[in-house]
1. Using the Cα atoms of region 80-151 to build a convex hull, what is its mean projected area in square nanometres?
2. I want to verify the translational diffusion coefficient of the chain in µm²/s; compute it with Stokes-Einstein, Rh as the Kirkwood radius over Cα pairs, at 37 °C and 0.692 mPa s.
3. Taking 0.36 nm per residue of separation and subtracting the Cα-Cα distance, what length does fully extending residue 61 through residue 6 add?
4. Rg and Dmax of region 60-119 over Cα atoms: what are they, in angstrom?
5. Using only alpha carbon pairs under 8 Å that are at least six residues apart, calculate the relative contact order of region 1-132 and give it in whole percent.
6. Subtracting the Cα-Cα distance from 0.36 nm times the residue separation, let me have the gained length for residue 54 to residue 25 in nm, one decimal.
7. Going by how many other beta carbons lie within 10 Å of each one, how would you line up 22, 1, fewest first?
8. Where does each of 112, 29 land when they are ranked from fewest to most other beta-carbon atoms within 10 angstrom?
Ligand SMILES: O=C(CO)COP(=O)(O)O
C-alpha cells in the first residue's frame with residue numbers, strides 16, 4: 001500500500017468509547033485529565049458520550065450507542081479522516097453482541113494509523129505525550145494512488 005504523509009493539527013478530534021463495565025474507568029480517567037481533554041474536540045458513542053458530558057460539564061458530540069451502530073459511525077469518521085485519536089476501553093471479559101463492529105472499528109483505526117489507547121495506562125501514555133497538544137505527522141494510505149492503480 002502506497003502511503004502519504006499528513007499533518008494532524010494541534011487541536012485533536014478525540015473519540016472516547018467504553019463498554020459498560022469500563023465506563024467508570026473511562027469517566028474517572030476523563031475527569032482526571034479534564035483540563036487537557038477540553039482543549040480538544042470530543043466525540044463518543046451514545047451512552048459514553050452522554051455520561052462524559054455529564055461528568056465533565058463540557059459538550060461531547062454523542063453519536064449512536066455502540067450496539068446500535070455507534071462503533072460503525074466512528075469507523076466511518078476515521079476512514080473520512082475526521083478522528084485523530086481513539087480512546088476505547090473495550091471489555092476483555094464480556095462477549096459483546098456487536099463484536100464484529102468493535103473489530104471493524106479497531107481495524108479501521110489501524111488502517112488509518114490513528115493513535116489508540118485501550119486501557120488507562122495506554123491512555124496515560126497518549127495524553128502525556130507532547131504530541132497530544134501539538135501538530136504531528138503520520139503516514140496514511142494514499143487513496144488517490146490506490147484508486148488510480150485499480151482503474
Ligand atoms: O458499545 C460500545 C462500544 O463498542 C459503546 O457504546 P455506548 O457508549 O453507547 O455504551
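1. For region 80-151, the mean projected area of the Cα convex hull comes to 6.5 nm².
2. 208 µm²/s
3. 17.3 nm
4. So, for region 60-119, Rg and Dmax equal 11.0, 31 Å respectively.
5. Averaging sequence separation for qualifying contacts and normalising by length gives 27 percent for region 1-132.
6. 8.9 nm
7. 1, 22
8. 112, 29
Read-outs: derived from the displayed coordinates by stated rules, not from any lab. Just so it is clear, the model here is predicted, and its values are computed rather than measured. We place every Cβ from the backbone using ideal geometry, glycine too, and count neighbours over all the protein chains shown.
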